[in-house]
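Please see the structure below; I have some questions.
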Amino acid sequence: MIKLLLTKPGDPLSESGRSMLRYQRAALTSFVMMAGRVVNILTGLLTVPITLNYLGEDLFGIWMVITGIVEFLSFSDFGIGIGLRNTLIECVGKDDTENPKKLIGNALFFLLTIAFFIILIAIFAFPFVPWEQFIKCKNPDSVPQILPTMQSVFCMFALGLPVAQLINISSAYQRGYWGYLCYFLGRVIGFFFVIWCVFTEQPLWLLAGGYLGFPHFTTLVGWGIYFKLVPFLRPWPFKADKQIIHRLFGIGFFVLLYHVSYAMIRASAVIIIANTINAASAVPYAITQKLLGVAGILTMSVLAGLSVAIGEAWHRKDTEWIKKTIRRSERITFFFGLLPLVVLMIVGRPLILFWTSSSESVPSFSLLLMCVLLSGGGMVGSIYSNGLMAMNFVRLVALTRCFFGIIVFFGGYYLGQLSQSPEIITFLQFFAGALIPAIIFRLKLNGLIEPVAKPIFNQIIHSLKYGTIKKL
């Protein structure tokens, strides 16, 4: 990565230069992403004790519940963001400088409309909702702060729907580092704003709104600078186009389906274990997943810029570069993701005991092994699924995730009742939710970049569709 960052930028007019430029921009995006992750973790760790001591348990709990609701609603852009990114990647691959402003303008029009209605609901409808029945407070004095905090946070959330598209737009042009840099800079400013609120004893609505809002304000400044540097992306003059909105929403629907299905696969085990066994049995699984998630965050940060580059190479029909990059991604995942998982499998149990100081939170070795397999399979599968998404094979990825998500959820519920074993539930999550989709996605990639492998993939899809496994 350091070598790529210090090397002279590649020449975009030659094939070798474009290859070098893709890796350089991916390296810069990964570098900014990793630095931003560190900033996020540090500010998050420091924000909790500062705000908890200032707000108290009641108000801090209100803040956490409201931000949790907002995180759950993060799919409310209907996948338009990824749809915009994918269509812009296609424009890059075809050297199209005419359509991007139309695509960006229509996406922003749709998202601004959604944001407008969310703000109207927050201002005029929220006052009629009995929030004290949904968020119960020990101290009655905390209740009046629920409504203004809900309104503040939801208005900032609505603002973020169109503003956050800078990340998708800059990512499509392999300059994701610019969008992420603006966002993470806002996070730092938001952290200092929280400290100011604490020392000047500001109300919760201002603290929470500022913490969520400053990343959007710095991103807005980033919009102005980016559009000045890249004038052909300015969405002006704007003209609403039903065909473009329909195209974006067509991709966005399957992106939404993908996110919901993937979330269902990731979250189903905790719900199933708590429901079929008991809530206490879900704690070792949840704690283990949080620990193992560190390896996944590191790996995905390193690979942050490569999936978009794969999409651009696909539209230029540069399959050799894609083949080489997929192999390189697999090696990176092995060293940054799978090897740390093996280490955590060895030292994970004593580490969890030291971390939680609770023997009840420590998983059995078999559960730890299943969680390691699940995390490893998920990381490997993400290489292939993210590449296919950027290449615009969104429908295939979404339907595959949805199909196996349903199997994981209902099959896990049945096995949980039958076996009363978290290990068996987690194994099904690994096998049906991670391993089989990873194999399908890898075979699809093989079929695209190596035509010899295509008939094998078609056989598997045909077998899955009609249940005739014997035909293999």
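What full-extension length gain, to one decimal in nm, is calculated for residue 64 and residue 410 as 0.36 nm per residue of separation minus the Cα-Cα distance?
121.6 nm
Computed over the Cα atoms of region 20-240, what is the convex hull's projected area averaged over all directions, in nm²? The partial results should precede the final answer.
Values: hull surface 52.5 nm².
Mean projected area for region 20-240: 13.1 nm², to one decimal.
Per residue, how big is the convex hull around the C-alpha atoms of region 253-471? Give it to me in cubic angstrom, could you?
With only Cα atoms used, region 253-471 gives 124 Å³ per residue.
Also, quick follow-up: Using all Cα-Cα distances in region 39-150, what percent lands in each 10 angstrom bin from 0 up to the longest?
Values per bin, smallest distances first: 11, 29, 25, 21, 11, 3, 0.
Separate question: Among the listed pairs 101/242; 317/444; 3/94; 3/317; 3/444, which are separated by more than 21 Å between their Cα atoms?
Details: 101/242 15 Å; 317/444 16 Å; 3/94 29 Å; 3/317 27 Å; 3/444 32 Å.
The answer is 3/94; 3/317; 3/444.
I've got another one for you. Each residue of region 25-36 in order: what ³J(HN,Hα) in whole Hz does its phi give by Karplus 6.51 cos²θ - 1.76 cosθ + 1.60, θ = phi - 60°, with x for Gly and Pro?
For region 25-36, the Karplus curve yields 5, 5, 5, 5, 4, 5, 4, 5, 4, 5, 4, x Hz.
Return one quarter of the surface area of the convex hull spanned by the alpha-carbon atoms of the chain, equal to its mean projected area, in nm².
Values: hull surface 99.9 nm².
Averaged projected area of the chain's Cα convex hull equals 25.0 nm².
Between residue 196 and residue 52, what FRET efficiency follows from the Cβ-Cβ distance if R0 is 25 Å, with the result rounded to 0.05?
Here the calculated transfer efficiency is 0.90.
Okay, moving on. Quote the convex hull volume per residue of region 218-305, based on C-alpha atoms, as a whole number of Å³.
It comes to 177 Å³ per residue, whole-number rounded.
Could you go through region 371-387 in sequence order and give the Karplus-derived ³J(HN,Hα) for each residue, using 6.51 cos²θ - 1.76 cosθ + 1.60 with θ = phi - 60°, rounded to whole Hz, and x for Gly and Pro?
After applying 6.51 cos²θ - 1.76 cosθ + 1.60, I find 5, 5, 4, 4, 5, x, x, x, 5, 5, x, 5, 4, 6, 5, 5, x Hz.
To the nearest µm²/s, what D does Stokes-Einstein give for region 105-203 at 10 °C and 1.306 mPa s, using the Kirkwood radius over alpha carbon pairs as Rh? Walk me through the numbers before you get to the answer.
Numbers: Rh = 16.0 Å.
For the chosen part, D equals 99 µm²/s.
Running Debye on region 129-185 with equal point scatterers at the Cα sites and no solvent, what base-10 log of I(q)/I(0) appears at q = 0.13, 0.25, 0.28 Å⁻¹?
-0.53, -0.94, -1.06
Moving on. Given H placed 1.01 Å from N in the peptide plane, which residues other than close sequence neighbours of residue 305 have an amide H under 5 Å from its amide H?
30
Follow-up question, since we're still on this one. Which whole-Hz ³J(HN,Hα) couplings does region 100-117 yield from phi under the Karplus relation 6.51 cos²θ - 1.76 cosθ + 1.60, θ = phi - 60°, glycine and proline marked x?
For region 100-117, the Karplus-derived couplings read x, 5, 5, 4, 5, x, 6, 5, 5, 4, 5, 6, 5, 5, 4, 4, 4, 5 Hz, x marking Gly and Pro.
Let me ask another. Charges only on Cβ, +1 for Lys and Arg, -1 for Asp and Glu: so what's the dipole of the chain about the Cα centre, in debye to the nearest 20?
Taking the Cα centre of the chain as origin, the dipole is about 1620 debye.
So how long is each side of region 159-282 along the principal axes, counting just the alpha-carbon atoms, biggest first, in Å?
Reported extents, whole Å, longest axis first: 58, 49, 25.
Under a point-charge model restricted to the Cβ atoms of Lys and Arg (+1) and Asp and Glu (-1), what is the dipole moment magnitude of region 253-471 relative to its Cα centre, in debye to the nearest 20? Please report the intermediate quantities before stating the final value.
On the way: 18 positive and 7 negative charges, 141 e Å.
So the magnitude is around 680 debye.
Values in this text are rule-based calculations from the coordinates and carry no lab data. Fair warning: this is a prediction, and the values are worked out from it, not measured in the lab. No Cβ is skipped: glycine too gets one built from the backbone with ideal geometry, and neighbour counts run over all protein chains shown.
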